[in-house]
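Asks: I am attaching a structure below and will ask some questions about it afterwards.
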Amino acid sequence: MRFLLDDEQTAFARSLDALLTAADTPAVVRAWGAGDHAAGRALWSRIAELGVFALAVPEAYEGVGARPVELAVAFVELGRHGVPGPVVETVAAGALLSGPGFAHLAKRFLPGVASGETVVTVALPGGGPYVLDGDVADVELSVCRDGGGELWVVQGGGDRAGLRSRVRRSLDPARRLVLPRPGGQVLAAGPQVVAGAADALCWARLATAAQALGVGLTLLDRTVAYVKQRSQFGVPVGSFQAVRHRLADAKIALEFARPLVFGAALTMDPADVAAAKVAACEAAYTTARTALQLHGAIGYTAEYDLSLWLTKARALRSAWGSPGECRGVVLGGGGIAHSGADFGAGDKFG
């Protein structure tokens, strides 16, 4: 079987790459992590103009319909450039509200999601006490199991200063964990909420897998460039066999993950998506460990741009389902196991 992106999908990836390269994304990421969202919101709007968020929104609500392969293409580029914000959560919201029984809610929220005017964050059962980037989101959706499944919403900017006080430290500074806002109202309840949450989880895992693949590709590219420049004993360290072996292992892991990600996008089977997430996130994490070791002491410094992708690789590994949870889905466990928040602030690259 031969699987390649077509010309339109390749052009889409190149357009995103050009946009994000020109945007000085590392500076945007650092500002976002510091709580300054202006540049990030501007970049968010430009990403939306290229149709990224419309890929999970039906045409009836100003989207382009469910296009998981194109979504994977887009999220590889978002990962390669380290784009901050609840991008995965916004896609999950689009999938959640596109389900049967949510027409009135889809009409209310999804046009803004597709256009980029509305930033949404989502929490699903099992995700712990935090929501991702809740201090910047215009809409905060949460699903709980009470009453057989309830969908809650908190809408509006509210007291931004008060929201910032609810931010908690994350392993990845650009992934801001926030205590949920008080208040809220029930939008829907019943089996359709549970079914919608399961569909949203599948889309979130696919987007996370593609994002992790992009993170790993950037870590590999930057490390290859670095070992070509750094010299020891009068020769580039990249000429050492041990260094080449480590980079080759990382390259192989990423290349094996790529077809799993795009294959899962074709089937959208929860087991396939879970397998793709394990493969992509483990490959990115392996590449991050290799990148850190081969960069040496400079790799530990927060001022060095490599750190933006190192921390993201570790955070994505547990976001929307740990490796163990996703393997359980592949083996038949299934179920909603984990939400988008990562709780790895104490984890380190060992």
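The values are calculated or read from the model by the stated rules, or taken from the named source; none is laboratory data. Note that the coordinates shown come from a computational prediction; the quantities given were computed from them, not determined experimentally. As a convention, Cβ positions derive from the backbone with ideal geometry for all residues, glycine included, and neighbour counts pool all protein chains shown.
Asks: Which residue pairs have Cβ atoms closer than 6 Å, lie 6 or more positions apart in sequence or on different chains, and pair a first residue in the stretch 4-15 that is farther than 11 Å from ALA72 by Cα and modelled with pLDDT of 90 or more with a second residue that is polar (S, T, N, Q) and exposed (fewer than 15 other Cβ atoms within 10 Å of the Cβ)?
Replies: Cβ pairs passing all conditions: none.
Asks: Follow-up. Taking GLY101, is it part of a loop (DSSP other than H, G, I, E, B), farther than 30 Å from ALA302 by Cβ and either free of Cβ contacts under 8 Å to residues at least 24 places away in the same chain or in contact with an Asp or Glu (Cβ under 9 Å, 6 or more places away or on another chain) (or both)?
Replies: no
Asks: Sticking with this structure for a sec: Which one is nearest to ALA92 (Cα to Cα) among residues in the stretch 162-177 that are surrounded by fewer than 24 Cβ atoms within 10 Å (Cβ to Cβ) and among the hydrophobic types (A, V, I, L, M, F, W, C)?
Replies: ALA174
Listed here are the residues, each with its yes/no results for (1) modelled with pLDDT of 95 or more; (2) aliphatic (A, V, I, L, M).
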| position | (1), (2) |
| --- | --- |
| GLY63 | no, no |
| ARG80 | yes, no |
| LEU97 | no, yes |
| PHE102 | no, no |
| LEU105 | no, yes |
| THR118 | no, no |
| PRO125 | no, no |
| GLY128 | no, no |
| VAL136 | no, yes |
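Asks: Between a residue in the stretch 259-279 that is in contact (Cβ under 8 Å) with a residue 24 or more places away in the chain and more than 22 Å from VAL215 (Cα to Cα) and any residue that is assigned to a helix (DSSP H, G or I) and of a type in the set (Val, Ile, Thr), which pairs come within a Cβ distance under 7 Å, given they are 6 or more apart or on different chains?
Replies: What qualifies is PRO270/VAL329; ALA271/VAL329; ALA271/VAL330.
Asks: Inside the stretch 307-323, can you point out the residues that are part of a helix (DSSP H, G or I) and under 10 Å from ALA274 (Cα atoms)?
Replies: Result: PRO323, single match.
Asks: Would you check which residues across the stretch 38-87 are under 21 Å from ASP221 (Cβ atoms) and not hydrophobic (A, V, I, L, M, F, W, C) and list them?
Replies: GLU77, GLY79, ARG80, HIS81, GLY82, PRO84
Residue by residue, here is whether (1) touching a helix residue (DSSP H, G or I) at 6+ places or on another chain (Cβ under 7 Å); (2) buried (at least 22 other Cβ atoms within 10 Å of the Cβ) holds:
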{"site": "PRO180", "(1), (2)": "no, no"}
{"site": "GLY184", "(1), (2)": "no, no"}
{"site": "VAL215", "(1), (2)": "yes, yes"}
{"site": "ASP221", "(1), (2)": "no, no"}
{"site": "TYR226", "(1), (2)": "yes, no"}
{"site": "HIS245", "(1), (2)": "no, no"}
{"site": "GLU255", "(1), (2)": "no, no"}
{"site": "VAL261", "(1), (2)": "yes, yes"}
{"site": "PRO270", "(1), (2)": "yes, no"}
